[in-house]
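Chemist: I'd like to ask some things about the structure below.
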Amino acid sequence: MRSAALFLDAEAPVAIDAEEPTRRDFIILAANAFVAVGGAVALWPFIDQMNPDAGALALASIEVDISPVKVGQAITVLWRGKPVFIRHRTPEEIAAAKAVDVAELRDDSARNDALPETTPATDENRTKKGHEEWIVMVGICTHLGCIPKGQALGDKRGDYGGWLCPCHGSHYDTAGRIRKGPAPRNLEVPVYEFLTDTKLKIG
Amino acid sequence: MALHASTYEPKTRFGKWMDERLPIGRLMHTQFVDFPTPRNLNYWWTFGGILTFFLVAQIVTGVVLAMHYQPSAAEAFDSVEAIRRDVNYGWLMRNLHAVGASMFFLAAYIHIFRGLYYGSYKSPREVLWIIGVLIFLTMMATAFMGYSLPWGQMSFWAVTVITNLFSSLDSIYKGLGTAIVEWLWGGYAVSGVTLNRFYSLHYLLPFVIAGLVGLHLWALHLVGQNSPTGLDIKTPADAVPMHPYATSKDAVGMFAFLILFAWFVFFLPDYLGHPDNYTPANPMVTPPHIVPEWYFLPYYAILRAIPSKLFGVIAMFSSIAVLFFVPWLDTSRVRSTKYRPIYRWFFWLFVFTCLALGYLGSKPPEETYVFWARIFTAYYFAHFLIVLPIVGLLEKPRPLPGSITEAVLGKGAAAPPAPARATAAAKVKV
């Protein structure tokens, strides 16, 4: 076995480095690569276990009866653990929302999950045709996740009459679009549909 | 440590800067790269590394399980089921942890028997050995509390039986045992309150073990490793640097052991447990046949072999406590059983005794089994208290080799000129 001879010769300078890669070089490289790839593969379950499981991911949808919500009133329902704002807007609020020039908005995307991201943030694109009096949005401020005020009748609604986030002062208009303050995006409109005129299915 | 000159030389500027402030790189290099290991270590010496791996693996999978587990009587059982069925890779985490506990004990038992066979507890390694026994005790406490967490029938009744061991103190001082047991339970019976505190301690104790392992390694690296000959490293020729020699051998042993581990994890995850533990805990009904996990069976057999509550408990605890005194009970001047022609037979008889007690512990407490459990319990203690002191005095050991090198290369072979010093060896490519 030549390996033994070389080991005994260890003190002498063994200048093999510059030569052809040896069988041992290959074995060391292969073993290390095996351990590195195996380690990376074994790491994934430890990361993935923190992701939402299949039960949480399953598309959960809810049905909401909106018949008791009178003009000017709003309700908040819980959908996938998040508050969803449903407001029955007054004609003045609708008119104010429609009067806004989209070009002036900080975020010109409708942020409507049912529409492409490039859809302009007009009031029409953030509501359902024929149901413009209803606005349905995820009630989570796009700044740092607080729930804006404006759902209850006595709440401060900010400079644009929509919603005002109490945490860092983001003002949303009556179509839930960001107008003032630190939030970067309009409130998200979830996928929803009207099953009847008074029944809503969210998700 | 005269043989042990560090060759550590920081290569980067940051390395030099750090070396003058917190020489952790030097410590690691000195203790785990250059560290001289006997050149004749066999595969039984790879279990220290395997045990370290399992401690880390149990902590990592345990931290993961703690993210999903609910330590309450109402939710514990269901949350374990949710881990197995719903949590992403939860089945894997749970199997790794549950099977990992068994593998941890298997490796620990091999490690302990190796120490007993090669006399690794003898001077100057007494403290090293004692710390090892403390680690073993802490492992037992951790495993016991961990077993309670799924809150199935076996969990519940294991907690009931083991905590009730302390009630035997009532026969020494009236009310003492009961007071201790109620203190452990946090009530008049085992309940969710008990589960909650066991969960807290089950999370704490592994870190106590980690600290003890640090001390164990410190004591080991101060005096150096024992070897199959039981001889100390006398010349540089007797040793090779830990890396790459011992580390690569450790890796081979570790991968072999991990194959066994993986086989159980993927194909027989419940083989080492009991089906009864998939029945939710019921304080009104004890399962017909209650036994502990396999790694506690020998102690359980000892407990049942003694027909007295107090003395059964004392015998069970003594079976571990006696290990603390082994360094002083063994009177032999020779460490390794390889050179002890008489003791060698007793050693294997002792191994057989432990296996037999394990088998008997798994059987119902009926006449024949109890009879044999008594015989083997008697030998278990006789081995330590009679055989170890007396055989050591009477026995004439076989002649020892002059050195570790001589044991490896034979008497004729003159010690070759420093066969594998760290610096030279690291550059050799074959």
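The values are calculated or read from the model by the stated rules, or taken from the named source; none is laboratory data. Computed from a predicted model, the values in this text were never measured in an experiment. Here the Cβ is made from the backbone with ideal geometry for all residues, glycine too, and neighbour counts use every protein chain on show. The accessibility values were calculated without ligands, DNA or RNA, using every heavy atom of the protein model including side chains. Shrake-Rupley method; radii C 1.70, N 1.55, O 1.52, S 1.80 Å.
Chemist: So who's got an amide H within less than 5 Å of the one on residue A:192, skipping anything under 5 residues away but keeping other chains? H placed 1.01 Å off N, in plane.
Modeler: Sorted by chain and number, the residues that satisfy this are A:203.
Chemist: To test your reading of the geometry: what angle, between 0 and 90 degrees and rounded to tens, separates the Cα axis of helix A:23-48 from the longest principal axis of chain A?
Modeler: 20
Chemist: Further question: Enter the accessible area per residue of the protein assembly as shown (Å², integer; probe 1.4 Å; all protein chains in place).
Modeler: 52
Chemist: Where does each of B:134, A:164, B:388 land when they are ordered by accessible area, with a 1.4 Å probe and the largest first?
Modeler: Working: B:134 70, A:164 35, B:388 0 Å².
Most to least solvent-accessible, the answer reads B:134, A:164, B:388.
Chemist: Looking only at Cβ-Cβ distances, which cysteines of chain A have no other cysteine closer than 4.7 Å?
Modeler: none
Chemist: Then there's this: Would you work out the charge dipole size for chain B about its Cα centre, treating the Cβ of every Lys and Arg as +1 and the Cβ of every Asp and Glu as -1, and quote it to the nearest 20 debye?
Modeler: Using only the charged Cβ atoms, the result is roughly 1560 debye.
Chemist: Right, another one. What size of dipole, in debye to the nearest 20, comes out for the protein assembly as shown about its Cα centre when the only charges are +1 on Lys and Arg C-beta atoms and -1 on Asp and Glu C-beta atoms? If you can, show how the numbers build up before the last one.
Modeler: Values: 54 positive and 50 negative charges, 405 e Å.
Using only the charged Cβ atoms, the result is roughly 1940 debye.
Chemist: Here's a follow-up. Need one value: the accessible area of residue B:72 in square angstrom, 1.4 angstrom probe, rounded to the nearest 10.
Modeler: Surface accessible to solvent at residue B:72 totals approximately 40 Å².
Chemist: Considering chain B as a Gaussian network with a 10 Å cut-off on Cα pairs, which listed residue, B:37, B:46, B:12, attains the greatest mean-square fluctuation?
Modeler: Largest GNM mean-square fluctuation: B:12.
Chemist: Continuing with this model, one more query. What would the Debye equation give as log₁₀ I(q)/I(0) for the range B:35-289 at q = 0.12, 0.17 Å⁻¹, counting only Cα atoms as equal point scatterers?
Modeler: -0.80, -1.27
Chemist: Taking a ≥ b ≥ c as the square roots of the eigenvalues of the Cα gyration tensor of the range B:1-118, is the shape rounded (a/c under 1.5), prolate (a/b larger than b/c) or oblate? The partial results should precede the final answer.
Modeler: Values: a/c = 3.93, a/b = 1.68, b/c = 2.33.
Verdict is oblate for the range B:1-118.
Chemist: Under a 10 Å cutoff between Cα atoms, tell me which one of B:17, B:183, B:345 has the largest fluctuation in the Gaussian network model of chain B.
Modeler: B:17
Chemist: Per DSSP H run of at least 4 residues, take -39500 (n - 2.57); add these up for chain B, divide by its residues and hand me the 222 nm value, nearest 500 deg cm²/dmol.
Modeler: Using -39500 (n - 2.57) per qualifying helix, the result is -19000 deg cm²/dmol.
Chemist: Let me ask another. Along the Cα→Cβ direction, 7 angstrom out, place labels at residue B:396 and residue B:223. What is the inter-label distance in nm?
Modeler: 2.9
Chemist: Here's another thing I want to ask about it. Got a sec? Charge dipole of the range B:35-289, +1 on Cβ for Lys and Arg, -1 for Asp and Glu; which of B:272, B:83, B:73 is way out at the positive end?
Modeler: Positive-end residue among those listed: B:272.
Chemist: Further question on the same structure: If you keep only loop residues by DSSP, which GluC sites (Glu not before Pro) in the range A:63-122 have at most 15 other Cβ atoms within 10 Å of their Cβ? Walk me through the numbers before you get to the answer.
Modeler: Values: sites: A:63, A:92, A:93, A:104, A:117; in loops: A:117.
Sparse-neighbourhood loop GluC sites (Glu not before Pro): A:117.
Chemist: What figure, in Å² to the nearest 10, do you get for the accessible area of residue B:243 with a 1.4 Å probe and non-protein molecules left out?
Modeler: Its heavy atoms expose roughly 90 Å² to the probe.
Chemist: Over chain A, with a Gaussian network built from C-alpha contacts below 10 Å, which listed residue (A:74, A:121, A:152) shows the highest mean-square fluctuation?
Modeler: A:152
Chemist: Related question: By how many nm would the segment from residue B:278 to residue B:42 grow when fully extended, if each residue of separation counts as 0.36 nm and the alpha-carbon distance is taken off?
Modeler: Fully extending the segment from residue B:278 to residue B:42 adds 80.8 nm.
Chemist: Give the residue from B:38, B:256, B:144 lying farthest towards the positive end of the charge dipole for chain B; charges sit on Cβ (+1 for Lys and Arg, -1 for Asp and Glu) and the dipole is referred to the Cα centre.
Modeler: About the Cα centre, the residue reaching furthest to the positive side is B:38.
Chemist: Keeping all protein chains in place and using 1.4 angstrom, which order do B:21, A:157 fall into by accessible surface area, from largest down? Don't skip to the answer; put the middle values down first.
Modeler: On the way: B:21 135, A:157 50 Å².
Reading off the accessible areas and sorting them downward yields B:21, A:157.
Chemist: Taking Cα atoms, how many degrees apart are the long axis of helix B:126-148 and the longest axis of chain B, rounded to 10 and kept between 0 and 90?
Modeler: 30
Chemist: Rounding to the nearest 20 debye, state how big the charge dipole of the range B:35-289 is about its Cα centre with +1 on each Lys and Arg Cβ and -1 on each Asp and Glu Cβ.
Modeler: Here the size comes out at about 580 debye.
Chemist: Of B:56, B:116, B:284, which is farthest towards the positive pole of the protein assembly as shown's charge dipole, taken about the Cα centre with +1 and -1 on the beta-carbons of Lys, Arg and Asp, Glu respectively?
Modeler: My answer, from the dipole projection, is B:116.
Chemist: What number of lysine-lysine pairs in chain B show an alpha-carbon separation below 30 angstrom, given a sequence spacing of 8 or more or placement on distinct chains?
Modeler: Here the count comes out as 27.
Chemist: Angle between the Cα long axis of helix B:90-117 and the longest principal axis of chain B, 0 to 90 degrees, nearest 10?
Modeler: Once rounded, one gets 60 degrees.
Chemist: Tabulate in residue order the Karplus-calculated ³J(HN,Hα) for the range B:17-22, using 6.51 cos²θ - 1.76 cosθ + 1.60 with θ = phi - 60°, rounded to whole Hz; enter x for Gly and Pro.
Modeler: These are the phi-based 3J(HN,Hα) values: 4, 5, 4, 7, 10, 9 Hz.
Chemist: Per the 1.4 Å probe, what fraction of the accessible area of the range B:35-289, in percent, lies on carbon and sulfur atoms? Can you show the working numbers first?
Modeler: Values: 8050 of 11160 Å².
The C+S portion of the solvent-accessible surface of the range B:35-289 is 72 percent.
Chemist: If ligands, DNA and RNA are left out, what is the accessible area of residue B:86 with a 1.4 Å probe, given in Å² to the nearest 10?
Modeler: 90
Chemist: A further question on this structure: Each residue of the range B:294-311 in order: what ³J(HN,Hα) in whole Hz does its phi give by Karplus 6.51 cos²θ - 1.76 cosθ + 1.60, θ = phi - 60°, with x for Gly and Pro?
Modeler: Whole-Hz 3J(HN,Hα) from phi for the range B:294-311: 4, 6, 9, 4, x, 5, 5, 5, 5, 4, 7, 6, 9, x, 8, 4, 5, 6.
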